[in-house]
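Asker: Sharing a structure, written as structure tokens. Questions coming.
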Amino acid sequence: CRDVIFFDIEVLINGNCLVCTHVDLSTDQTEHVRINHFRNHYELTRKNLMVKNLKRYRKSIEKEEGRVEASKCDFFPCTFTLPSEYHLFVEEFKRSPGSTWIMKPVAKSQGKGIFLFKKLKDIMDWKKDGTRSEEQKDAAQVESYVAQRYIENPYLINGRKFDLRVYVLVTSYVPLKAWLYRDGFARFSNTRFSLSSIDDKCILHCLFIMIMFHFLPKYMSNKDWQVQQLRRYLTAKHGREKIETLFKDIDNIFVRSLQSVQKVIINDKHCFELYGYDILLDENLKPWLIEVNASPSLTASSKEDYEMKCCLLEDTLNVVDMEGRNDQIEQHPPHWHLKYLRLL
């Protein structure tokens, strides 16, 4: 007896979200149906679960292949889930006094609820009190957050911090098939970077784009760069060899992060996922994975952004290929770079 699987489908038409509920994927009549999320996509896109899976994956690589290979997974900042890992966090916090940390709610997006801190007293609400009973803990439930070491030495252009938004389309986890969109963009803060004080301007350096659009629009920069434009700038400044290494390291982030959840994601031929990866560069040209978004914003902020995202949507639909037009994998759209990834 087959399991009956239900999904909610969201279709965006002219800016309006149409929701069709209760799609039964167990019937033969739904062969053409495609869902834009895997059932447990949150294993990669929920902040605490992403870190949990990456840590577990790194440990398995170290055990099977050694520390050198495991070091290729060192692309995410030191992170703890609070309140469950509060005491582990305090130990790490005390090893580097004066460091800046960032707090993020595990289940929120668009920059909601984030703040920076340098003192433990600022996060006392997340302290795990072992003296309380289970009933008292349930009665005073504290929202789960991740505490992450803040990248204090970001790569700056004209004194301004930026992050990269890169799109990765996954059409299967077994075997793992991922497509990297060649066009992405670098999002710049319109204020010069400084950690001299922790305030609204400092929070802007986290570069959650929805904060800049909705909450602090006067700081929003309209001079975002295409990824290829940024690559040309970096190549001119640092040389081709260094920048080729940088972008190989970024590709490694995509590959390793997807492999970290390959065994836990529930694969389904009807499903696909368009991820929005947020990557930050430090002053040593080391890329850091900040987070992975399950429903990246497709709102356009400029004509160039509009054209890029239209191509993104068009190519996504071409790759998903609900009409079965791509009989051979070589017939892939020109803006996508196909990667076959299989765990041996």
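The values are calculated or read from the model by the stated rules, or taken from the named source; none is laboratory data. Treat the numbers as computed from the prediction; the structure is a model and nothing was measured. A quick note on method: Cβ atoms are made from the backbone with ideal geometry, for glycine too, and the neighbour counts reach across all protein chains shown. Ligands, DNA and RNA are stripped out before the accessible areas are found, and what is left, the full protein with its side chains, is counted by its heavy atoms. Shrake-Rupley method; radii C 1.70, N 1.55, O 1.52, S 1.80 Å.
Asker: Would you mind checking LYS72/LYS242; LYS52/LYS104; LYS237/LYS286; LYS248/LYS286; LYS52/LYS121; LYS72/LYS269 for any pair whose Cα atoms are more than 19 angstrom apart?
Answerer: LYS52/LYS121; LYS72/LYS269
Asker: If you don't mind, there's one more thing I want to ask. At GLU69 and ASN158, where each label point lies 7 Å from the Cα along Cα→Cβ, what is the point-to-point distance in nanometres?
Answerer: It is 4.5 nm.
Asker: For TYR173, list long-range residues whose amide hydrogen, built 1.01 Å from N in the peptide plane, is under 5 Å from its own amide hydrogen.
Answerer: Answer set, sorted by chain and number: ASP268.
Asker: Next question. For PHE115 and LEU88, what does the FRET efficiency come to when R0 = 25 Å and r is the distance between their Cβ atoms, rounded to the nearest 0.05?
Answerer: It comes out at approximately 0.75.
Asker: Taking 0.36 nm per residue of separation and subtracting the Cα-Cα distance, what length does fully extending GLU31 through ASP122 add?
Answerer: 27.5 nm
Asker: How do the peptides 87-98, 300-311 rank, highest first, by the average count of neighbouring beta carbon atoms within 10 Å per residue?
Answerer: Descending mean neighbour count gives 300-311, 87-98.
Asker: Pop the C-beta distance of VAL174 and ARG232 into the FRET formula with R0 = 25 Å and round what comes out to the nearest 0.05.
Answerer: For VAL174 and ARG232, the calculated efficiency is 0.10.
Asker: Using a 1.4 Å probe on the protein heavy atoms, what percent of the accessible area of the stretch 264-314 belongs to carbon and sulfur?
Answerer: 53 percent
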